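Derivation of every value follows stated rules applied to the coordinates shown; laboratory data play no part. Here the structure is a predicted model, which is why all the values come from computation and not from measurement. So basically every Cβ, Gly included, is an ideal-geometry build from the backbone, and we count neighbours across all protein chains shown.
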């Protein structure tokens, strides 16, 4: 597979309520978007969003979806049936398994300036599962797993779709085999010999990445290979 790149700022700016967003991935399973791509595995949606000052999404429902939210700048306060009142700040990750019962939630920007948050959706491999919640702090200088793995572990929600995130510094490298969708959320680097910058969404087979600035925020969605955890 040749490398494919979409730049966030070349996509239409949409949104709802007090939120503006670029939709990086909208899979045909949930509606499709001719500007961008389908996901991989059960990964179907990826938005890069900004809340207006004091803005909120409003209470809205989800059902049978895993919702991964990553705070890039500022903070949000989470209201909902899972972890009511939890706040999330830059470089923190919230993962919610909605399950068969469904839930409603509202995300609120408490500040007087815009914030920035990513949200990804992954469809469940088994319907009707119980609600679950995970929370992570990203670690500087390390790529870490925030979603996916087998049912025997409890570090992440189980799925054959794997999501990793990390903050990398100049010269740090990530090498891995398999099918990937990656996004440079902040900073810049070289990915499979191509220069990539903030907002670049990359689809590629086999990943060879090097950070060329400090504080590169990198997100990767991939499918497991034989070298990954035994599913």
- Arrange the peptides 90-98, 49-57 so that the one whose residues have, on average, the most other Cβ atoms within 10 Å appears first. 90-98, 49-57
- Message: On the Cα set of segment 117-177, report Rg and Dmax in Å, please.
- Response: 13.6, 44
- The rounded separation in angstrom of the Cα centers of segment 4-31 and segment 105-182 is 18
- Task: Would you kindly work out the equivalent ellipsoid of the chain from its C-alpha gyration tensor and give its semi-axes, the square roots of five times the eigenvalues, largest first in whole Å?
- Result: 25, 21, 17
- Message: At a 10 Å Cβ-Cβ cut-off, how would you order 22, 78, fewest neighbours first?
- Response: 78, 22
- Task: Normalising by the residue count of segment 4-222, find the relative contact order in percent from Cα pairs under 8 Å and 6+ residues apart.
- Result: 18
- Item | Nitroxide proxy distance, nm - points 7 Å out along Cα→Cβ at residue 150 and residue 89 | 3.8
- Task: Between residue 214 and residue 17, with labels modelled 7 Å along Cα→Cβ, what's the label distance in nm to one decimal, could you check?
- Result: 3.6
- Task: Would you calculate the separation in nanometres between label points at residue 160 and residue 54, each defined as 7 Å from the Cα along the Cα-to-beta-carbon direction?
- Result: 4.9
- Note on the structure: Of segment 31-65, those with amide N under 20 Å from the point 7 Å along the Cα→Cβ vector of residue 104 are 55-65
- Query: Seen from all sides and averaged, what is the projected area of the convex hull of the Cα atoms in segment 1-61, in nm²?
  - Reply: 5.4
- Item | Rg/Rh ratio calculated on Cα atoms of segment 148-231 (Kirkwood radius) | 1.00
- Message: Taking the beta-carbon count within 10 Å as an exposure proxy, list 65, 44 from fewest neighbours to most.
- Response: 65, 44
- Quick one: Kirkwood hydrodynamic radius for segment 56-104, alpha-carbon pairs, angstrom, one decimal? 11.4
- Computed over segment 1-132, the relative contact order (Cα-Cα under 8 Å, seq sep at least six) in percent reads 27
- Task: Evaluate the Debye formula for segment 12-137 with equal point scatterers sitting on the alpha carbons, no solvent, and hand back log10 of I(q)/I(0) at q = 0.19, 0.20 Å⁻¹, in q order, two decimals.
- Result: -1.11, -1.22
- Here the gain from full extension of residue 63 to residue 35, 0.36 nm per residue of separation minus their alpha-carbon distance, amounts to 7.5 nm
- What is the order of 87, 195, 159, fewest Cβ neighbours within 10 Å to most? 195, 87, 159
